[in-house]
Amino acid sequence: MKTARSLLVTGGTGSFGNAFIEMVLQRYPNLERIVVLSRDEYKQFIMSNKPEFRGNKKLRFFIGDVRDKDRLYRAFDGIDVVVHAAALKQVPSCEYNPFEAVKTNILGAQNVIDAAIDCKVKKVIALSTDKACAPINLYGATKLCSDKLFIAGNVYSGGHDTRFAVVRYGNVAGSRGSVIPYFQHLIKAGADELPITDTRMTRFWLKLEDAVEMVLQAFEIMEGGELFVKKIPSMRVTDLVQAIAPAISLRNVGIRPGEKIHEMMITSEDARHTYEYDNYYVIEPEYKILGATSVLHKYARPVAPDFEYHSGNNNEWLTVDQMRTMIDSL
(Lines give C-alpha, C1' and ligand atoms only; values in the text may rest on other atoms or scores of the structure.)
Protein backbone atom coordinates (compact mmCIF):
# COMPACT_ATOMS: atom_id res chain seq x y z
CA MET A 1 0.00 0.00 0.00
CA LYS A 2 2.88 2.39 0.69
CA THR A 3 4.03 2.36 -2.92
CA ALA A 4 0.65 1.79 -4.60
CA ARG A 5 -0.81 4.55 -6.73
CA SER A 6 -4.23 3.01 -7.33
CA LEU A 7 -6.63 0.86 -5.30
CA LEU A 8 -9.88 -0.93 -6.12
CA VAL A 9 -12.37 -2.40 -3.64
CA THR A 10 -15.00 -4.84 -4.90
CA GLY A 11 -18.19 -4.54 -2.90
CA GLY A 12 -16.78 -1.20 -1.84
CA THR A 13 -20.07 0.33 -0.66
CA GLY A 14 -20.41 -2.16 2.19
CA SER A 15 -19.52 -1.56 5.83
CA PHE A 16 -15.94 -2.68 5.33
CA GLY A 17 -15.46 -0.71 2.12
CA ASN A 18 -16.64 2.54 3.71
CA ALA A 19 -14.33 2.16 6.71
CA PHE A 20 -11.38 0.89 4.66
CA ILE A 21 -11.50 3.69 2.08
CA GLU A 22 -11.89 6.35 4.76
CA MET A 23 -8.78 5.05 6.51
CA VAL A 24 -6.60 4.73 3.39
CA LEU A 25 -7.50 8.27 2.34
CA GLN A 26 -6.14 9.46 5.68
CA ARG A 27 -3.02 7.28 5.74
CA TYR A 28 -1.90 6.94 2.14
CA PRO A 29 -1.69 10.32 0.39
CA ASN A 30 0.32 8.59 -2.34
CA LEU A 31 -2.87 6.98 -3.65
CA GLU A 32 -3.99 8.83 -6.75
CA ARG A 33 -7.08 6.79 -7.62
CA ILE A 34 -9.47 4.72 -5.50
CA VAL A 35 -12.14 2.76 -7.35
CA VAL A 36 -15.30 1.60 -5.63
CA LEU A 37 -16.84 -1.26 -7.60
CA SER A 38 -20.34 -2.41 -6.64
CA ARG A 39 -23.75 -3.28 -8.10
CA ASP A 40 -26.00 -0.80 -6.30
CA GLU A 41 -26.09 2.73 -7.70
CA TYR A 42 -28.09 3.99 -4.72
CA LYS A 43 -25.47 2.82 -2.22
CA GLN A 44 -22.82 4.50 -4.37
CA PHE A 45 -24.85 7.72 -4.33
CA ILE A 46 -25.16 7.58 -0.53
CA MET A 47 -21.46 6.83 -0.08
CA SER A 48 -20.27 9.51 -2.50
CA ASN A 49 -22.28 12.12 -0.58
CA LYS A 50 -20.96 11.26 2.86
CA PRO A 51 -19.01 14.21 4.33
CA GLU A 52 -15.76 12.21 4.43
CA PHE A 53 -15.99 11.39 0.71
CA ARG A 54 -17.97 14.20 -0.91
CA GLY A 55 -16.01 15.99 -3.64
CA ASN A 56 -12.88 13.84 -3.28
CA LYS A 57 -11.37 13.70 -6.75
CA LYS A 58 -9.44 10.51 -6.00
CA LEU A 59 -12.64 8.47 -5.73
CA ARG A 60 -14.18 6.70 -8.74
CA PHE A 61 -17.49 4.87 -8.50
CA PHE A 62 -17.92 1.98 -10.96
CA ILE A 63 -21.21 0.15 -11.37
CA GLY A 64 -20.34 -3.49 -11.92
CA ASP A 65 -20.63 -7.06 -10.71
CA VAL A 66 -17.85 -9.55 -10.02
CA ARG A 67 -19.86 -12.00 -12.13
CA ASP A 68 -19.11 -9.81 -15.18
CA LYS A 69 -15.52 -10.52 -16.16
CA ASP A 70 -15.50 -7.94 -18.97
CA ARG A 71 -16.45 -5.20 -16.52
CA LEU A 72 -13.70 -6.33 -14.15
CA TYR A 73 -11.12 -6.08 -16.92
CA ARG A 74 -12.14 -2.48 -17.55
CA ALA A 75 -12.26 -1.62 -13.84
CA PHE A 76 -8.89 -3.26 -13.06
CA ASP A 77 -7.03 -1.41 -15.82
CA GLY A 78 -4.10 0.43 -14.23
CA ILE A 79 -4.92 -0.77 -10.69
CA ASP A 80 -2.03 -1.66 -8.34
CA VAL A 81 -3.85 -3.32 -5.41
CA VAL A 82 -7.30 -4.87 -4.97
CA VAL A 83 -9.39 -5.72 -1.92
CA HIS A 84 -12.06 -8.28 -2.76
CA ALA A 85 -14.95 -7.67 -0.37
CA ALA A 86 -17.91 -8.44 -2.65
CA ALA A 87 -19.95 -11.48 -1.63
CA LEU A 88 -23.40 -12.81 -0.88
CA LYS A 89 -23.18 -13.16 2.90
CA GLN A 90 -26.56 -13.95 4.42
CA VAL A 91 -26.74 -17.62 5.41
CA PRO A 92 -30.51 -18.14 4.83
CA SER A 93 -30.40 -16.23 1.53
CA CYS A 94 -27.54 -18.36 0.24
CA GLU A 95 -29.38 -21.54 1.21
CA TYR A 96 -32.52 -20.40 -0.62
CA ASN A 97 -30.58 -19.10 -3.65
CA PRO A 98 -27.63 -21.51 -3.82
CA PHE A 99 -26.84 -21.04 -7.52
CA GLU A 100 -26.64 -17.28 -7.00
CA ALA A 101 -24.24 -17.74 -4.07
CA VAL A 102 -22.00 -19.93 -6.23
CA LYS A 103 -22.05 -17.41 -9.10
CA THR A 104 -21.01 -14.50 -6.88
CA ASN A 105 -18.81 -16.10 -4.24
CA ILE A 106 -17.02 -18.73 -6.33
CA LEU A 107 -17.26 -17.77 -9.99
CA GLY A 108 -16.92 -14.12 -9.02
CA ALA A 109 -13.70 -14.98 -7.18
CA GLN A 110 -12.36 -16.71 -10.29
CA ASN A 111 -13.18 -13.63 -12.36
CA VAL A 112 -11.34 -11.38 -9.90
CA ILE A 113 -8.28 -13.64 -10.07
CA ASP A 114 -8.25 -13.77 -13.87
CA ALA A 115 -8.73 -10.01 -14.22
CA ALA A 116 -6.05 -9.23 -11.61
CA ILE A 117 -3.46 -11.40 -13.34
CA ASP A 118 -4.20 -10.20 -16.86
CA CYS A 119 -4.37 -6.53 -15.82
CA LYS A 120 -1.07 -6.85 -13.92
CA VAL A 121 -2.43 -5.99 -10.49
CA LYS A 122 0.41 -6.31 -7.96
CA LYS A 123 -1.43 -7.51 -4.84
CA VAL A 124 -4.91 -8.84 -4.09
CA ILE A 125 -6.37 -9.54 -0.64
CA ALA A 126 -9.67 -11.41 -0.42
CA LEU A 127 -11.81 -11.11 2.69
CA SER A 128 -12.92 -14.36 4.27
CA THR A 129 -15.11 -15.31 7.22
CA ASP A 130 -15.08 -17.64 10.19
CA LYS A 131 -17.92 -19.50 8.48
CA ALA A 132 -15.44 -20.66 5.81
CA CYS A 133 -13.64 -22.78 8.41
CA ALA A 134 -15.18 -26.27 8.67
CA PRO A 135 -18.35 -24.94 6.97
CA ILE A 136 -21.79 -26.37 7.69
CA ASN A 137 -23.77 -24.00 5.46
CA LEU A 138 -23.57 -23.08 1.79
CA TYR A 139 -22.32 -19.57 2.44
CA GLY A 140 -19.36 -20.92 4.39
CA ALA A 141 -18.70 -23.57 1.75
CA THR A 142 -18.62 -20.99 -1.05
CA LYS A 143 -16.24 -18.80 0.93
CA LEU A 144 -13.96 -21.76 1.66
CA CYS A 145 -13.86 -22.47 -2.06
CA SER A 146 -13.13 -18.80 -2.70
CA ASP A 147 -10.25 -18.90 -0.19
CA LYS A 148 -8.76 -21.91 -1.96
CA LEU A 149 -9.06 -20.20 -5.33
CA PHE A 150 -7.23 -17.10 -4.17
CA ILE A 151 -4.42 -19.12 -2.61
CA ALA A 152 -4.10 -21.14 -5.84
CA GLY A 153 -4.04 -17.89 -7.80
CA ASN A 154 -0.37 -17.53 -6.83
CA VAL A 155 0.45 -20.51 -9.04
CA TYR A 156 -2.18 -19.76 -11.64
CA SER A 157 -0.51 -16.38 -12.26
CA GLY A 158 2.45 -18.21 -13.82
CA GLY A 159 5.17 -15.74 -14.77
CA HIS A 160 3.08 -12.73 -13.77
CA ASP A 161 3.91 -10.83 -10.58
CA THR A 162 0.38 -10.77 -9.15
CA ARG A 163 0.25 -12.09 -5.59
CA PHE A 164 -2.84 -13.18 -3.64
CA ALA A 165 -3.57 -13.58 0.08
CA VAL A 166 -6.66 -14.00 2.26
CA VAL A 167 -7.69 -12.32 5.53
CA ARG A 168 -10.18 -14.17 7.73
CA TYR A 169 -12.03 -12.65 10.67
CA GLY A 170 -15.29 -13.02 12.59
CA ASN A 171 -18.35 -10.92 13.39
CA VAL A 172 -17.96 -7.16 13.03
CA ALA A 173 -19.77 -5.09 15.64
CA GLY A 174 -22.32 -2.77 14.07
CA SER A 175 -21.96 -4.00 10.49
CA ARG A 176 -25.10 -4.40 8.38
CA GLY A 177 -25.31 -8.10 9.17
CA SER A 178 -24.70 -7.65 12.89
CA VAL A 179 -27.29 -8.71 15.46
CA ILE A 180 -26.88 -5.39 17.28
CA PRO A 181 -29.06 -3.30 14.92
CA TYR A 182 -31.65 -6.08 14.99
CA PHE A 183 -31.81 -6.10 18.78
CA GLN A 184 -31.92 -2.30 18.88
CA HIS A 185 -34.79 -2.29 16.39
CA LEU A 186 -36.77 -4.73 18.57
CA ILE A 187 -36.15 -2.62 21.65
CA LYS A 188 -37.24 0.55 19.86
CA ALA A 189 -40.40 -1.26 18.75
CA GLY A 190 -41.24 -2.00 22.38
CA ALA A 191 -40.14 -5.64 22.73
CA ASP A 192 -40.12 -6.95 26.28
CA GLU A 193 -37.80 -9.86 25.44
CA LEU A 194 -35.01 -10.57 22.95
CA PRO A 195 -34.66 -13.84 21.00
CA ILE A 196 -31.43 -15.79 21.20
CA THR A 197 -30.82 -19.11 19.55
CA ASP A 198 -28.86 -20.84 22.34
CA THR A 199 -27.60 -19.64 25.72
CA ARG A 200 -24.26 -21.44 25.15
CA MET A 201 -23.52 -19.57 21.94
CA THR A 202 -20.27 -17.64 21.54
CA ARG A 203 -18.91 -15.52 18.72
CA PHE A 204 -15.74 -13.73 17.71
CA TRP A 205 -16.33 -10.00 17.85
CA LEU A 206 -14.21 -7.12 16.61
CA LYS A 207 -14.52 -3.50 15.66
CA LEU A 208 -14.59 -2.58 11.98
CA GLU A 209 -11.43 -0.54 12.42
CA ASP A 210 -9.58 -3.65 13.62
CA ALA A 211 -10.59 -5.55 10.47
CA VAL A 212 -9.29 -2.69 8.35
CA GLU A 213 -6.00 -2.65 10.28
CA MET A 214 -5.49 -6.37 9.67
CA VAL A 215 -5.98 -5.96 5.92
CA LEU A 216 -3.57 -3.03 5.77
CA GLN A 217 -1.00 -5.00 7.76
CA ALA A 218 -1.45 -8.03 5.49
CA PHE A 219 -0.74 -5.88 2.43
CA GLU A 220 2.61 -4.88 3.90
CA ILE A 221 3.83 -8.35 4.91
CA MET A 222 2.21 -10.72 2.40
CA GLU A 223 4.36 -12.66 -0.02
CA GLY A 224 1.52 -14.60 -1.62
CA GLY A 225 -0.39 -17.67 -0.48
CA GLU A 226 -1.00 -16.73 3.15
CA LEU A 227 -4.31 -16.97 4.96
CA PHE A 228 -4.15 -14.42 7.78
CA VAL A 229 -6.36 -15.04 10.81
CA LYS A 230 -6.65 -12.11 13.16
CA LYS A 231 -6.71 -12.78 16.91
CA ILE A 232 -10.09 -11.56 18.05
CA PRO A 233 -11.80 -11.53 21.46
CA SER A 234 -14.84 -13.72 21.99
CA MET A 235 -18.16 -12.84 23.53
CA ARG A 236 -21.14 -14.73 24.89
CA VAL A 237 -24.44 -13.91 23.23
CA THR A 238 -26.12 -13.74 26.64
CA ASP A 239 -23.57 -11.10 27.69
CA LEU A 240 -24.32 -9.14 24.52
CA VAL A 241 -27.97 -8.90 25.50
CA GLN A 242 -26.92 -7.72 28.95
CA ALA A 243 -24.76 -5.04 27.34
CA ILE A 244 -27.59 -3.80 25.11
CA ALA A 245 -30.60 -4.11 27.41
CA PRO A 246 -29.91 -5.52 30.89
CA ALA A 247 -33.54 -5.23 31.98
CA ILE A 248 -34.97 -7.26 29.10
CA SER A 249 -35.49 -11.01 29.43
CA LEU A 250 -34.23 -13.62 26.97
CA ARG A 251 -36.27 -16.00 24.86
CA ASN A 252 -34.48 -19.12 23.68
CA VAL A 253 -35.72 -19.79 20.12
CA GLY A 254 -33.40 -22.70 19.30
CA ILE A 255 -30.38 -22.93 17.05
CA ARG A 256 -31.04 -22.00 13.43
CA PRO A 257 -30.18 -24.19 10.42
CA GLY A 258 -26.58 -23.76 9.38
CA GLU A 259 -25.55 -22.23 12.69
CA LYS A 260 -22.83 -23.34 15.12
CA ILE A 261 -22.59 -22.99 18.88
CA HIS A 262 -18.99 -21.76 18.50
CA GLU A 263 -17.50 -20.29 15.32
CA MET A 264 -14.23 -21.82 14.12
CA MET A 265 -11.27 -19.94 12.67
CA ILE A 266 -8.53 -22.60 12.57
CA THR A 267 -9.09 -26.37 12.68
CA SER A 268 -6.69 -28.96 14.07
CA GLU A 269 -6.15 -30.10 10.47
CA ASP A 270 -4.84 -26.61 9.69
CA ALA A 271 -2.59 -26.59 12.74
CA ARG A 272 0.41 -28.26 11.12
CA HIS A 273 0.57 -25.37 8.63
CA THR A 274 -0.20 -22.57 11.11
CA TYR A 275 2.19 -20.05 12.63
CA GLU A 276 1.44 -17.66 15.47
CA TYR A 277 2.36 -14.00 15.73
CA ASP A 278 1.48 -11.57 18.51
CA ASN A 279 -1.86 -10.44 17.06
CA TYR A 280 -2.60 -12.90 14.27
CA TYR A 281 -2.01 -16.39 12.86
CA VAL A 282 -0.87 -17.35 9.37
CA ILE A 283 -2.06 -20.55 7.72
CA GLU A 284 0.26 -21.65 4.96
CA PRO A 285 -1.10 -23.61 1.99
CA GLU A 286 -1.36 -27.38 2.26
CA TYR A 287 0.60 -27.60 -0.98
CA LYS A 288 3.90 -25.72 -0.95
CA ILE A 289 3.67 -25.04 -4.68
CA LEU A 290 0.91 -22.54 -3.86
CA GLY A 291 3.33 -20.17 -2.11
CA ALA A 292 3.69 -18.76 1.42
CA THR A 293 7.04 -20.38 2.26
CA SER A 294 8.21 -20.54 5.86
CA VAL A 295 10.86 -17.88 5.21
CA LEU A 296 8.22 -15.27 5.98
CA HIS A 297 7.47 -16.93 9.29
CA LYS A 298 10.96 -17.57 10.65
CA TYR A 299 10.23 -15.39 13.70
CA ALA A 300 6.82 -16.94 14.32
CA ARG A 301 5.85 -19.77 16.62
CA PRO A 302 4.40 -22.97 15.15
CA VAL A 303 1.19 -23.86 16.96
CA ALA A 304 0.65 -27.20 18.73
CA PRO A 305 -0.30 -30.14 16.46
CA ASP A 306 -3.76 -30.37 18.04
CA PHE A 307 -4.32 -26.60 18.10
CA GLU A 308 -7.81 -25.28 17.35
CA TYR A 309 -8.97 -21.69 17.39
CA HIS A 310 -12.67 -21.16 17.92
CA SER A 311 -14.83 -18.69 19.80
CA GLY A 312 -15.44 -21.11 22.66
CA ASN A 313 -11.80 -21.86 23.54
CA ASN A 314 -10.43 -18.34 23.15
CA ASN A 315 -7.98 -16.82 25.65
CA GLU A 316 -9.52 -13.36 25.35
CA TRP A 317 -13.12 -12.55 26.28
CA LEU A 318 -15.08 -9.31 26.20
CA THR A 319 -16.85 -8.29 29.38
CA VAL A 320 -20.34 -6.80 29.41
CA ASP A 321 -18.87 -3.35 30.13
CA GLN A 322 -16.40 -3.65 27.26
CA MET A 323 -19.18 -4.61 24.86
CA ARG A 324 -21.33 -1.76 26.10
CA THR A 325 -18.47 0.67 25.39
CA MET A 326 -18.05 -0.76 21.89
CA ILE A 327 -21.77 -0.50 21.19
CA ASP A 328 -21.89 3.11 22.42
CA SER A 329 -19.06 4.01 20.04
CA LEU A 330 -20.86 2.67 16.94
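The values are calculated or read from the model by the stated rules, or taken from the named source; none is laboratory data. Small disclaimer: the values here were computed from a predicted structure and weren't measured. As a convention, Cβ positions derive from the backbone with ideal geometry for all residues, glycine included, and neighbour counts pool all protein chains shown.
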Next on the checklist: One residue is enough: does region 101-116 have a residue meeting the conditions out of contact with any strand residue (DSSP E or B) (no Cβ under 8 Å at 6 or more places or on another chain), surrounded by fewer than 21 Cβ atoms within 10 Å (Cβ to Cβ) and farther than 26 Å from Phe219 by Cα?
Outcome noted: yes
Checklist entry - How about region 39-54: which of its residues are of a type in the set (A, V, I, L, M, F, W, C) and free of Cβ contacts under 8 Å to residues at least 12 places away in the same chain? => result Phe45
Item to check | Residues located in region 279-293, provided they are of a type outside the set (A, V, I, L, M, F, W, C) and either assigned to a strand (DSSP E or B) or more than 20 Å from the chain's Cα centre (by Cα) (or both) | outcome: Tyr280, Tyr281, Glu286, Tyr287, Lys288, Gly291, Thr293
Checklist entry - Hey, does region 12-20 have a residue that's modelled with pLDDT under 95, crowded, with 16+ Cβ neighbours inside 10 Å, touching a Ser or Thr at 6+ places or on another chain (Cβ under 7 Å) and closer than 17 Å to Val167 by Cβ? => result yes
Checklist entry - So is Leu240 over 24 Å from Cys94 (Cα atoms) and hydrophobic (A, V, I, L, M, F, W, C) or not? => result yes
Item to check | Subset tally (residues that are of a type in the set (D, E, K, R), closer than 18 Å to Gln26 by Cβ and surrounded by 14 or more Cβ atoms within 10 Å (Cβ to Cβ)) for region 40-79 | outcome: 1
Checklist entry - Is it the case that region 260-279 has a residue that's closer than 26 Å to Lys89 by Cα, small (Gly, Ala, Ser) and surrounded by 14 or more Cβ atoms within 10 Å (Cβ to Cβ)? => result yes
Next on the checklist: Can you tell me which of (1) out of contact with any strand residue (DSSP E or B) (no Cβ under 8 Å at 6 or more places or on another chain); (2) surrounded by 15 or more Cβ atoms within 10 Å (Cβ to Cβ); (3) on the phi > 0 side of the Ramachandran plot is the one Val320 doesn't meet?
Outcome noted: (3)
Checklist outcome for this item: Counting only residues that are farther than 23 Å from Ser128 by Cβ and acidic (Asp, Glu), region 55-105 contains a total of 2
